[in-house]
1. Just to be sure I understand: of the beta bridges DSSP finds with both ends in the chain, what percent are antiparallel, rounded to 5?
2. Suppose the chain between I45 and E229 were pulled fully straight at 0.36 nm per residue; how much longer would it get relative to their current alpha carbon spacing?
3. Note down the net charge around S224, summing +1 for each Lys or Arg and -1 for each Asp or Glu among other residues with Cβ under 10 Å from its Cβ.
4. What number comes out for accessible area per residue over the stretch 52-154 if the probe is 1.4 Å? Units Å², please.
5. What spacing in nm lies between the two simple spin-label points modelled at V52 and H157, each 7 Å away from Cα in the Cβ direction?
6. I'd like the accessible area for V195: 1.4 Å probe, protein heavy atoms, all chains in place, Å² to the nearest 10.
7. I'd like the carbon and sulfur percentage of the solvent accessible area for the chain, probe radius 1.4 Å, heavy atoms only, ligands and nucleic acids excluded.
8. Please give, to one decimal in nm, the separation of the simple spin-label points placed at A18 and L125, each 7 Å out from Cα toward the Cβ.
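The values are calculated or read from the model by the stated rules, or taken from the named source; none is laboratory data. Keep in mind the model is a prediction, meaning the values are calculated, not measured. Cβ placement follows ideal geometry from the backbone for every residue including glycine, while neighbour counts extend to all protein chains displayed. Heavy atoms of the whole protein, side chains included, go into the accessibility calculation; ligands, DNA and RNA do not. Shrake-Rupley method; radii C 1.70, N 1.55, O 1.52, S 1.80 Å.
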Amino acid sequence: MLRAFRSTLNSARYAFKAPESSVDFLVIGGGVSCSNDMLVPGEEISSRNSEVIHAGLYYPPNSNKMRLCIRGRELLYARCQAMNIPFRRTGKLIVATDKQRPYIEALHAKAQQISWPPSFIPTKLLSAAEVHEMEPNISPEITSALWSPETGIVSSHALMESLEQEIVERGGDLVYATRAVRVDPHKHGWVVQMVTDDAEHGDAILAKTLINAAGLSAPLIANSVVPEEKRIPLYYARGSDDALAGTAPYFRP
Ligand SMILES: Cc1cc2nc3c(=O)[nH]c(=O)nc-3n(C[C@H](O)[C@H](O)[C@H](O)COP(=O)(O)OP(=O)(O)OC[C@H]3O[C@@H](n4cnc5c(N)ncnc54)[C@H](O)[C@@H]3O)c2cc1C
């Protein structure tokens, strides 16, 4: 059963403190979604993911998630090329047995219907012969596949390093090993209290614009500055990945 938490960052442990300095922009979070100026980074999901550049196939058609995924994919390939970040546009096969064929046909139909921007998720349905020619190690039970040529892979560490370098080059400040522990509204922006390492007390700073890019902790920060009835519930769910080591079971020499 999933339990929803409506927690906030603010607690009695860190009482409100008046700000001692101010910045125009403050970003909480040092993952791939971060922006620049003054940044409070850490290390979480952005350095522990599968490093896939997704085509945008699985989101509801024309939803914001789909649009952002397509736009993000274009920007990411352009950045990798411009900044020598290791990447490969490998393409992806979504394989299907006879029974699963309707699923990939529906996925293909959805990709064709996308109206923004027109046909930006190219996909092609492949026959059994085409799939096995492309990937001989695939099980004989696979009788068709959907080919997604825009899917790729990227070195997430090199990507994160390039973002870090760009922030510094553009004059932003990076603050390492530091947690935002309290956020309060202020007539000129937001007062953010931050604690570095295991310090007992934090420093408070006034951010005229605060960008909440704290990944899984983002709702805690948002919940600190909205009335209780508007708090966003957090649902944590576990996922599992499989890895194959050694020779593929259907390898044909
Ligand atoms: C197992 C797994 C595999 C995935 N594979 C892929 C994939 O192949 N392709 C893909 O596109 N996506 C993938 N994702 C999703 C993707 O990794 C995430 O959507 C993305 O990294 C989120 O980036 P982010 O910047 O929003 O969050 P994060 O990378 O989590 O960054 C948030 C940052 O905020 C910091 N932070 C949090 N709270 C505070 C605070 N109070 N004060 C200061 N800092 C704080 C954290 O330390 C962290 O550094 C995967 C996710 C998982 C879990």
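1. In the chain, DSSP labels about 70 percent of beta bridges as antiparallel.
2. Fully extending the segment from I45 to E229 adds 63.4 nm.
3. Taking every Cβ under 10 Å from that of S224, the sum is +1.
4. Heavy-atom SASA per residue in the stretch 52-154 reads 56 Å².
5. According to this spin-label approximation, the distance is 2.2 nm.
6. Accessible area, nearest 10 Å²: 0 Å².
7. It is 54 percent, rounded to a whole number.
8. 7.0 nm
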